[in-house]
Amino acid sequence: MQAIANFLFEAGMLKRTPRSGFQFLGSGAESVAEHVFRTACIGFVLASMDGGADKDRILRMCLFHDMLEARTGDLNYVNKKYVKVDEEKTIRELTADVPFGAELEGLIREFGEQKTPESLIAHDADQMELILALKEYKDLGSRYADEWLEFALKRLKTDTARGLASTILETDSSLWWFSDKSDWWIRGK
């Protein structure tokens with residue numbers, strides 16, 4: 001039970017681990033845990049749209065795809081030019097003492113290898129989360145979001161994700177809550 005308690009505390013560290021790439025856009029406020037939450041939501045959506053993939057497996061991959069970052073931190077693309085993470089050691093030590101370690105290791109490896117339909121969808125969910133965040137930054141006036149979007153879009157693997165990304169880029173990120181232009185905004189009723 002101690003190993004499981006430690007694992008859960010480690011998962012909580014993701015709430016305090018910043019997504020380092022956003023510092024280049026003038027922010028660093030998003031945590032890895034926030035990224036993981038929306039990635040899992042996107043994974044659910046993409047799996048539902050696909051219809052043939054194992055939705056449960058995709059959700060589990062999305063949930064744990066960045067778990068190693070509790071130990072390594074979030075390395076952005078500039079960091080990765082200079083810093084090499086010992087992923088094997090990190091996976092081994094993360095999974096060694098928990099009874100579900102083999103399953104967790106399998107999910108992390110499958111996500112990284114990107115060979116199964118589920119891993120491709122989970123990968124796209126990860127990239128789609130970045131695309132959504134960049135679109136939000138763009139809508140708020142970031143000059144650099146478009147440049148980042150160009151590369152993130154090229155990393156998408158599935159037609160479903162590419163189609164959804166196209167719609168996202170055409171949609172105002174505040175439209176979901178401000179589409180009702182009725183008197184509600186005056187009276188609050």
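Any residue that is more than 26 Å from Lys138 (Cα to Cα) and without any contact (Cβ under 8 Å) to a residue 12 or more places away in the chain - is there at least one of those in segment 38-52?
Yes; the residues of segment 38-52 include at least one that is more than 26 Å from Lys138 (Cα to Cα) and without any contact (Cβ under 8 Å) to a residue 12 or more places away in the chain.
Looking at Ser119, Ser182, Ser174, Ser166, which one is under 23 Å from Gly26 (Cβ atoms) and among the hydroxyl-bearing types (Ser, Thr, Tyr)?
Matching residue, one of Ser119, Ser182, Ser174, Ser166: Ser174.
Test Ser142 against the criterion of being over 18 Å from the mean Cα position of the chain (by Cα) and outside any helix (DSSP H, G or I), and give yes or no.
Judged against the criteria, Ser142 is a match.
Of all residues in segment 46-74, how many are farther than 17 Å from Glu105 by Cβ and basic (Lys, Arg)?
The total comes to 1.
Among the helices (runs of 4 or more DSSP H) confined wholly to segment 57-96, which include 2 or more residues that are surrounded by 12 or more Cβ atoms within 10 Å (Cβ to Cβ) and in contact (Cβ under 8 Å) with a residue 60 or more places away in the chain?
Counting at least 2 such residues, we get 69-72.
What number of residues in segment 28-55 are among the aliphatic types (A, V, I, L, M) and farther than 15 Å from Met128 by Cα?
Final tally of qualifying residues: 3.
Can you find even one residue in segment 119-130 that is exposed (fewer than 14 other Cβ atoms within 10 Å of the Cβ), out of contact with any strand residue (DSSP E or B) (no Cβ under 7 Å at 6 or more places or on another chain), assigned to a helix (DSSP H, G or I) and of a type in the set (Gly, Ala, Ser)?
no
Would you check which residues across segment 15-31 are closer than 21 Å to Ala152 by Cβ and either in contact with a Ser or Thr (Cβ under 7 Å, 6 or more places away or on another chain) or not in a helix (DSSP H, G or I) (or both) and list them?
Passing the criteria: Thr17, Pro18, Arg19, Leu25, Gly26, Ser27, Gly28, Ala29, Glu30, Ser31.
Between a residue in segment 109-129 that is on the phi < 0 side of the Ramachandran plot and any residue that is among the aliphatic types (A, V, I, L, M) and not in a helix (DSSP H, G or I), which pairs come within a Cβ distance under 8 Å, given they are 6 or more apart or on different chains?
Hits for this filter: Pro117/Ala53; Glu118/Ala53; Ile121/Ala53; Asp124/Leu156; Gln127/Leu156; Met128/Leu156.
Considering only segment 1-53, state which residues are over 17 Å from the mean Cα position of the chain (by Cα), of a type in the set (Asp, Glu) and within 17 Å of Phe64 (Cα to Cα).
Glu10
Which condition number does Tyr137 fail, the rest of (1) over 14 Å from the mean Cα position of the chain (by Cα); (2) hydroxyl-bearing (Ser, Thr, Tyr); (3) at pLDDT 95 or above being met?
(3)
Failed condition for Met128, given (1) farther than 26 Å from Arg109 by Cβ; (2) at pLDDT 90 or above, with all others met?
The number of the failed condition is (1).
Let me spell it out: the conditions are (1) out of contact with any Phe, Trp or Tyr (no Cβ under 9 Å at 6 or more places or on another chain); (2) at pLDDT 95 or above, and Asn79 meets all of them except one. Which number is the exception?
The one condition Asn79 does not meet is (2).
The values are calculated or read from the model by the stated rules, or taken from the named source; none is laboratory data. Predicted model, so just to flag it, every value in this text is computed and none were measured. Glycine gets a Cβ as well: all are built from the backbone with ideal geometry, and neighbour counts include every protein chain shown.
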